[in-house]
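Visitor: I am attaching a structure below and will ask some questions about it afterwards.
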Amino acid sequence: MNSTSSSFQYSQNWVIEPAKDTRGIVIVKQEWDFLKDQIDELDFEPIFFQNAASILLGAALATFISIVTGAISDSSYKNAILIAWSICAVCTIGGALAAYFAVKEREISRSKAASIITQMKLIEEKFELDEKSTA
């Protein structure tokens, strides 16, 4: 048994490339923490109001179709048609409000993302001015 020989063999030849030289900038820790906090606060999928709007408008449409086709009548329950129209109206109003808030929520989310991009551009511009003045 030879202790100097190894039974471990490579199945592939690996070529490890060194990192290429790139330009970097120094960012103040407070700016970096601010950007991280802003990104953490982003909500990319505002789905609560969107889902609520879909459910409520779907319920309003189903109730409306039931009224129009005659599936609901006063023979089963007293004032059944009045109750059905009330449900239809409440679901329509609630669904419309939820859809409105879904649009507003999406706009707020986009404005937060735009704010982060603006902050990043300001940091880049600060270093571009420093490079032009030293060149």
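The values are calculated or read from the model by the stated rules, or taken from the named source; none is laboratory data. As the structure is a prediction and not an experimental result, all values here were calculated from the model. Counting neighbours? That spans all protein chains shown, and the Cβs are built from the backbone with ideal geometry, glycine included.
Visitor: For Ala102, work out the one condition from (1) closer than 30 Å to Lys121 by Cβ; (2) over 17 Å from the mean Cα position of the chain (by Cα); (3) surrounded by 14 or more Cβ atoms within 10 Å (Cβ to Cβ) it doesn't fulfil.
Guide: (2)
Yes/no per residue for (1) in contact with a Phe, Trp or Tyr (Cβ under 9 Å, 6 or more places away or on another chain); (2) modelled with pLDDT under 85:
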| position | (1), (2) |
| --- | --- |
| Val15 | no, yes |
| Trp32 | no, yes |
| Ala53 | yes, no |
| Ile67 | yes, no |
| Val90 | no, no |
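Visitor: Follow-up question, since we're still on this one. Going by the structure shown, is Glu107 closer than 30 Å to Met120 by Cβ, touching a residue at least 24 places away in the same chain (Cβ under 8 Å) and not aliphatic (A, V, I, L, M)?
Guide: On the way: closer than 30 Å to Met120 by Cβ: yes; touching a residue at least 24 places away in the same chain (Cβ under 8 Å): no; not aliphatic (A, V, I, L, M): yes.
It is false that Glu107 is closer than 30 Å to Met120 by Cβ, touching a residue at least 24 places away in the same chain (Cβ under 8 Å) and not aliphatic (A, V, I, L, M).
Visitor: Same structure again: Could you please let me know if Ala59 is modelled with pLDDT of 80 or more, touching a Gly at 6+ places or on another chain (Cβ under 9 Å) and part of a helix (DSSP H, G or I)?
Guide: Yes, satisfied.
Visitor: Let me ask you something else. Are any residues in segment 58-80 over 26 Å from Phe48 (Cα atoms), aliphatic (A, V, I, L, M) and surrounded by 14 or more Cβ atoms within 10 Å (Cβ to Cβ), and if so, which ones?
Guide: Scanning segment 58-80 gives Ile67, Ile72, Ala80.
Visitor: Continuing with the same structure: Please go through (1) among the acidic types (Asp, Glu); (2) surrounded by 14 or more Cβ atoms within 10 Å (Cβ to Cβ); (3) in a loop (DSSP other than H, G, I, E, B) for Glu31 and return the number of the only condition it doesn't satisfy.
Guide: With respect to (1) among the acidic types (Asp, Glu); (2) surrounded by 14 or more Cβ atoms within 10 Å (Cβ to Cβ); (3) in a loop (DSSP other than H, G, I, E, B), Glu31 is out only on (3).
Residues are listed down the side, and each one gets a yes or a no for (1) within 27 Å of Ala113 (Cα to Cα); (2) at pLDDT below 80; (3) assigned to a helix (DSSP H, G or I):
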| position | (1), (2), (3) |
| --- | --- |
| Ser6 | no, yes, no |
| Gln12 | no, yes, no |
| Lys20 | no, yes, no |
| Gly24 | yes, yes, no |
| Lys36 | yes, no, yes |
| Phe44 | yes, yes, no |
| Gln50 | yes, no, yes |
| Lys78 | no, no, no |
